Amino acid sequence: MNFNIQGLITGADRSQLAQLPGGNFLIHQKAQEDFLSLVELAAKDGIDLGIVSSYRDFSRQLATWNAKVRGEKAVLDSEGVELNIKNLNEEELLFAILRWNALPGTSRHHWGTDIDVFDINTTPEGYEIQLIPSEISQAGPYHKLGIWLQEMVTVKKSFNFFRPYQEDLGGVAPEWWHISHGPTAQVLEHELSIDIILNIVDQSEILLKETIKDNIEEICAGYVFNIHSFNN
Ligand SMILES: [Zn+2]
């Protein structure tokens, strides 16, 4: 086990991160310049690209995970509607959470290469961003951003950013807001393996640990490696 690799995968090693202008968000050094170029391009098209979330460490991902298992945070179905988790067995609960939340240790946000974005310009006063599919519907606040982002990715004007959750591949639900810096993320992607993920899970205080271990191959194949690839 290479500790350095595991540290980078789980976000424990912050040595590759840089602070974005404005202060609150960390991003991988190698993704910073491209992200700022994307923000500049967006501005030319009338979009004020803001960040909901960029780098997140393991403990934050773990806190969200455990809160969902305990029923302290809503677990949503594919349309973004809250599920009654009392009706689910442990395995069903596990896969319901995975639709919207990465297993701690496998989140691409640990790497600093992946960012959840929104448009500051079209956010109504007092509006709380939910990051759900309906927000880019015709009537939603981020309709314009959703179309613009996909267009830039498709015509390869997105400064190496791509959308790993662009369409529904049966694992993670499509996330219009989630972008990833392809060349930088790929390096980490290649280091991820079932063995490393099992090791991370084993060492953690994660709820549903045994159910996760029993289903680790399906989790990795369906939710970790199952993304829209940068090279497509
Ligand atoms: Zn995200």
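Values quoted throughout were computed directly from the atomic coordinates according to the rules given, and no laboratory measurement underlies them. Since the model is a prediction, treat every value here as computed from it, not as a measurement. Reconstructed Cβ throughout: ideal geometry from the backbone, glycine too, with neighbour counts over all protein chains shown.
Tabulated results
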| item | result |
| --- | --- |
| Filter result for the condition that a residue is out of contact with any Gly (no Cβ under 6 Å at 6 or more places or on another chain), acidic (Asp, Glu) and within 24 Å of ALA173 (Cα to Cα), over GLU72, GLU40 | GLU72 |
| Those strands (runs of 3 or more DSSP E) lying entirely in segment 13-58 with at least 3 residues under 15 Å from the mean Cα position of the chain (by Cα) and more than 16 Å from the ligand (Cβ to nearest atom) | none |
| Filter pass, ILE120 being of a type in the set (Val, Ile, Thr), more than 16 Å from the ligand (Cβ to nearest atom) and touching an Asp or Glu at 6+ places or on another chain (Cβ under 6 Å) | yes |
| Selection status of GLU135, closer than 23 Å to GLY50 by Cβ and part of a loop (DSSP other than H, G, I, E, B) | no |
| Single match in LEU41, LEU49 (criterion: closer than 23 Å to ILE120 by Cβ and surrounded by fewer than 19 Cβ atoms within 10 Å (Cβ to Cβ)) | LEU41 |
| Odd one out for HIS190, checked against (1) closer than 21 Å to ASP77 by Cβ; (2) assigned to a helix (DSSP H, G or I) | (1) |
| Residue match in segment 178-194 (condition: surrounded by fewer than 19 Cβ atoms within 10 Å (Cβ to Cβ) and over 30 Å from SER37 (Cβ atoms)) | yes |
| All positions within segment 74-94 that are within 16 Å of the ligand (Cβ to nearest atom) and part of a loop (DSSP other than H, G, I, E, B) | GLY80 |
| Residue that is nearest to GLU217 (Cα to Cα) [pool: residues in segment 101-139 that are of a type in the set (A, V, I, L, M, F, W, C) and surrounded by 19 or more Cβ atoms within 10 Å (Cβ to Cβ)] | LEU103 |
| Test: residue in segment 160-181 that is in a loop (DSSP other than H, G, I, E, B), touching a Gly at 6+ places or on another chain (Cβ under 7 Å) and within 16 Å of the ligand (Cβ to nearest atom) | yes |
| Subset of segment 139-155 that is touching a strand residue (DSSP E or B) at 6+ places or on another chain (Cβ under 9 Å) and assigned to a loop (DSSP other than H, G, I, E, B) - its residue that is nearest to the ligand (Cβ to nearest atom) | TYR142 |
| Selected residue [among the hydrophobic types (A, V, I, L, M, F, W, C), within 16 Å of the ligand (Cβ to nearest atom) and in contact with a His (Cβ under 6 Å, 6 or more places away or on another chain)] from ILE97, ILE129, ILE115, ILE136 | ILE136 |
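This table checks each residue for (1) under 14 Å from THR10 (Cα atoms); (2) under 18 Å from the mean Cα position of the chain (by Cα).
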| residue | (1), (2) |
| --- | --- |
| HIS181 | no, yes |
| LEU198 | yes, no |
| GLU218 | no, no |
| ASN232 | no, no |
